[in-house]
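The values are calculated or read from the model by the stated rules, or taken from the named source; none is laboratory data. This one's a predicted model, so the numbers in the text were calculated from it and none came from an experiment. Every residue, glycine as well, gets a Cβ built from its backbone with ideal geometry; the counts of neighbours run over all protein chains shown. Surface areas here come from the heavy atoms of the whole protein model, side chains and all, with no ligands, DNA or RNA. Shrake-Rupley method; radii C 1.70, N 1.55, O 1.52, S 1.80 Å.
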Amino acid sequence: VPSVLCLGDCQLQTSCRIQKCTTDFVSLTSYLNSALESFDLEFCKALRAYSACTYRNSKVCRGNLDYHSAVLGISDLMSQRNCSKDGPTSSTNPELTHDPCNYSGHTEARKHQGVEKTPPPTYLFCGLFGDPHLRTFKDHFQTCKVEGAWPLIDNNYLSVQVTNVPVVPGSSATATNKITIIFKSYQDCTDQKVYQAVTDDLPAAFVDGTTSGTGGSIKSLQIVEKVGGKYVEMHARYIGTTVYVRQLGHYLTLAIRMPQELVMAYEESQDLQLCVNGCPSSERIDDSGHLPLPVMGQLLPQSGAAHPWSVYTLETATTKCHEKILVKDIYFYSCVFDLLTTGDANFTAAAHSALQDVEALHPRKEHWHIFPSGGGGGVGKGSKFSVLGLVCLILVAFL
């Protein structure tokens with residue numbers, strides 16, 4: 001896999017493309033007739049497109065004489081034709097006018113350029129919530145210990161690291177109390193931006209105090225606060241990536257959608273990525289990717305709770321989770337598992353929100369729900385499993 005993937009027009013930071021800007025301007029104006037009433041309007045549109053192209057190349061063309069001549073020429077022509085700097089740009093040539101900091105427009109632009117067989121981008125989803133439960137980019141579902149700092153994502157465009165701490169005394173079950181996200185600098189779209197959230201401090205800004213990327217369009221990277229101190233979204237248009245971070249109770253959850261070609265753009269040394277390869281086997285506390293299921297309605301032995309600090313029995317935990325999650329999929333059973341393990345009702349909200357994030361970000365509706373089984377495959381709603389399976393799993397978490 002190449003270390004850097006070309007996006008859109010594949011402009012590299014080391015090459016000045018001022019000649020391409022000039023050629024496109026000539027192409028846009030060559031058909032114009034100065035005798036027509038619309039000449040000035042169309043000519044100004046082409047000039048603004050030319051100016052936008054030179055601006056996108058400003059960093060890499062800094063020492064190029066042709067670039068500086070073009071900038072001066074554009075300024076003179078705008079004065080002569082009384083063109084405003086702000087306004088519409090020519091759209092005759094999509095390659096010239098598409099936004100280089102909008103990933104979703106790259107495929108459409110290539111299609112207009114005659115590359116008809118360019119397939120639409122494939123998007124992948126990863127999420128982490130609860131005790132903690134991980135849904136990888138391959139839609140594998142795991143429950144892990146992973147105490148301490150672990151990388152979820154580490155590629156050429158984005159790094160995401162989470163820190164997990166024990167939830168209850170004497171247990172190996174953990175939950176996330178810190179998330180660090182690094183949006184790496186990319187062409188003229190953004191400088192490097194770092195976001196960090198910890199329990200009770202979920203800011204609506206990057207660590208430098210800004211709420212958007214710098215160097216390109218303000219909308220190429222931005223943070224949107226949805227619920228003050230509890231829920232933020234990050235939209236990185238230049239890499240087609242969306243990130244949700246929430247705080248529920250004392251712990252954090254994360255959900256992300258990212259194009260597959262960018263997910264896979266990493267070096268061999270970056271292979272430890274939980275979202276890509278899952279948790280190491282030594283860190284897993286689930287059964288082949290799935291939680292063993294209890295028989296609904298039965299109680300744990302002697303009608304007691306799972307542990308002294310849990311106020312829930314199997315029956316009450318099932319009822320509590322069913323209030324929020326109607327479909328008895330892996331998110332439902334993760335909720336039951338977390339309540340029996342911790343006794344913390346906030347994990348119900350975490351599982352519910354995680355499922356909502358899947359529905360908002362996962363590109364394939366038929367994959368939203370994962371139905372667990374003891375053998376690792378999907379099962380129907382009527383399947384039954386023993387209470388002993390869930391009890392054993394919870395005990396494993398405390399070894």
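Observations on the structure shown:
- Test: residue in the stretch 78-101 that is modelled with pLDDT of 75 or more and aliphatic (A, V, I, L, M): yes
- Filtered residues of the stretch 169-205 (kept if more than 20 Å from LEU262 (Cβ to Cβ) and buried (at least 20 other Cβ atoms within 10 Å of the Cβ)): ALA173, THR174, ALA175, THR176, ALA197, LEU202
- Taken over the stretch 164-177, the criterion of being in a strand (DSSP E or B) and hydroxyl-bearing (Ser, Thr, Tyr) is satisfied by THR174, THR176.
- Residue among PRO121, PRO166, PRO132 that is modelled with pLDDT of 90 or more, in contact with a strand residue (DSSP E or B) (Cβ under 9 Å, 6 or more places away or on another chain) and open to solvent by 30 Å² or more (accessible area, probe 1.4 Å): PRO166
- Answer from SER69, SER34 - the residue that is of a type in the set (Gly, Ala, Ser) and at pLDDT below 85: SER34
- The residue of the stretch 231-254 that is farthest from VAL167 (Cα to Cα), among those that are under 18 Å from the mean Cα position of the chain (by Cα) and either surrounded by fewer than 17 Cβ atoms within 10 Å (Cβ to Cβ) or among the small types (Gly, Ala, Ser) (or both), is GLY240.
- On the stretch given as the stretch 313-359, residues that are of a type outside the set (A, V, I, L, M) and open to solvent by less than 30 Å² (accessible area, probe 1.4 Å) total 18.
- Of all the criteria given as (1) in contact with a helix residue (DSSP H, G or I) (Cβ under 6 Å, 6 or more places away or on another chain); (2) under 23 Å from HIS250 (Cβ atoms), the one not satisfied by ALA197 is (1).
- Any hit, the stretch 10-22, residues being in contact with a Cys (Cβ under 7 Å, 6 or more places away or on another chain), closer than 30 Å to ARG257 by Cα and either modelled with pLDDT under 85 or among the charged types (D, E, K, R) (or both): no
This table checks each residue for (1) more than 30 Å from SER15 (Cβ to Cβ); (2) of a type in the set (Gly, Ala, Ser); (3) touching a His at 6+ places or on another chain (Cβ under 8 Å).
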position: ASP154; (1), (2), (3): no, no, no
position: VAL160; (1), (2), (3): yes, no, no
position: ASN164; (1), (2), (3): yes, no, no
position: THR180; (1), (2), (3): yes, no, no
position: GLN192; (1), (2), (3): no, no, no
position: ALA204; (1), (2), (3): yes, yes, no
position: THR211; (1), (2), (3): yes, no, no
position: LYS226; (1), (2), (3): yes, no, no
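- Residue ranges of helices (runs of 4 or more DSSP H) in the stretch 18-87 with at least 2 members farther than 25 Å from CYS101 by Cα and open to solvent by 60 Å² or more (accessible area, probe 1.4 Å): 39-56, 65-80
- Residues of the stretch 158-195 classified as polar (S, T, N, Q), more than 17 Å from PHE129 (Cα to Cα) and free of Cβ contacts under 8 Å to residues at least 40 places away in the same chain, total: 3
- SER303 being farther than 29 Å from LEU340 by Cα, polar (S, T, N, Q), open to solvent by 10 Å² or more (accessible area, probe 1.4 Å) and modelled with pLDDT under 95: no
- Test: residue in the stretch 308-316 that is among the acidic types (Asp, Glu), at pLDDT below 95 and not assigned by the TED database to the domain that holds THR136: yes
- All of (1) modelled with pLDDT under 95; (2) out of contact with any Ser or Thr (no Cβ under 8 Å at 6 or more places or on another chain); (3) under 20 Å from TYR266 (Cα atoms) hold for GLN192 with one exception: (2).
- The sole residue among TYR251, TYR238, TYR231, TYR244 that is without any contact (Cβ under 8 Å) to a residue 60 or more places away in the chain and aromatic (Phe, Trp, Tyr) is TYR231.
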